[in-house]
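Coordinate-derived values only; no laboratory data. All figures in this text were calculated on a predicted structure; none of them were measured in a lab. Neighbour counts are summed over all protein chains in view; Cβ atoms, including those assigned to glycine, are modelled from backbone coordinates with ideal geometry.
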Amino acid sequence: MVERNGPSSLRLRTVFISDVHLGFRGCSADLLLDFLHHVEMDHLFLVGDIIDVWSMKKSMYWPQSHNNVLRTILGKSKRGTRVVFVPGNHDEVFRDFDGAVFGNLEIHRQYVHHGADGRRMLVLHGDEFDSVVKCSPWLAKLGSWLYDVLLAVNPVVNRVRRLFNLPHWSLSAYLKHKAKSAVQYIGSFEDAVAQAARKAGVDAVVCGHIHRAEIRDIDGVLYCNDGDWVESCTSLVEDMNGQLRLIDWPRWREQIRAATLSIPVEQAA
């Protein structure tokens, strides 16, 4: 389940984000910036597809808001947050730097994170379990292009929805989750990731890639997908006691604004 209620600011042990797709027009960089400004953490995991190199090869797009996301992440690193970057398939060029350490920023192909409660969590992007990407790269790129078209429509849809005071919504996510084949694919992907984690002897696995936020037990392994910052705009977080939960930031932000507006002026001073 995605957490629906939350405070105006958060002090967390660990934050996991993935599938930001900086360099792609459908990236919700402003929402991510807003989230990053509301949270402080000891560990920040960038679980792949942070920079969309595939998209930038087709058409160069890099607005100031995308630059601000990187600056904010690096700023947190300089102030003591340990940042671990686990590259995905869209930013796979950084996999060549596996094991590199730059101050508080590290790059790893995959990583085992130790939770506050002692759980061992395998962190990876997940594209290696995508049979389409693994067996047919050209088909994956065609699918990515079609998916990009749907994602590019999302900002237009949400601009119209804001005119009617409607919340953030993803057309591409809606269509994907309605398609029977997509639902079957998601289930197969989740099972494959959980099986790999079981073989690795860990208690949980954290991944991204399929843009579907989820926490569920799969045969004794806790499967966690932190979602994305194109469609759902979600993050997986660990509190100081090791409890994991998903944050749906657009919903949290609306609740924060509503709570702020409800505070009398003399109390808000």
Within-15-Å neighbourhood charge of Pro63 [Cβ basis; K, R +1; D, E -1]: 0
Based on the mean of other beta carbon atoms within 10 Å per residue, what is the order of 11-20, 71-80, most packed first? 11-20, 71-80
Compute the signed sum of charges (Lys and Arg +1, Asp and Glu -1) over the other residues within less than 13 Å, Cβ to Cβ, of Leu36. +1
What is the Cα centroid distance between the range 97-119 and the range 19-54, reported in whole angstrom? 18 Å
Near Ser77, within a Cβ-to-Cβ distance under 11 Å, what is the net charge of the other residues, with Lys and Arg +1 and Asp and Glu -1? +4
